[in-house]
Amino acid sequence: MINPNSPPSARALALEILAAARRKGESVEDLLSGAFLRHPRLPRQERAFLLELVQGVKRWEIRLDYIISRLAAQPLKKMHPLVLHLLR
């Protein structure tokens, strides 16, 4: 059972940040800063993982999209954005 008082996982925050960056056109750096401010109790290890996860997806996005496009049954443009973010 998830404790509602505990901070969200780094993976959940990364998905939220990447989706917001795509949807709103905001920089991931600004969104990461906002996430760190909203979740001051996020453990240092989770903060580091969140930072690496988001920056890694952005760094490798073109290559990841190419790989996904070669393996997926449908074109990337037809995929639901949330599914694409999860696959990345």
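Evaluation of Ser6 against the conditions (1) touching a Leu at 6+ places or on another chain (Cβ under 8 Å); (2) at pLDDT below 95 shows that the sole unmet condition is (1). Taken over the range 32-78, the residue count meeting the criterion of being without any contact (Cβ under 8 Å) to a residue 24 or more places away in the chain and within 13 Å of Ala19 (Cβ to Cβ) is 1.
The values are calculated or read from the model by the stated rules, or taken from the named source; none is laboratory data. Everything quoted here is computed from the prediction, not taken from an experiment. So basically every Cβ, Gly included, is an ideal-geometry build from the backbone, and we count neighbours across all protein chains shown.
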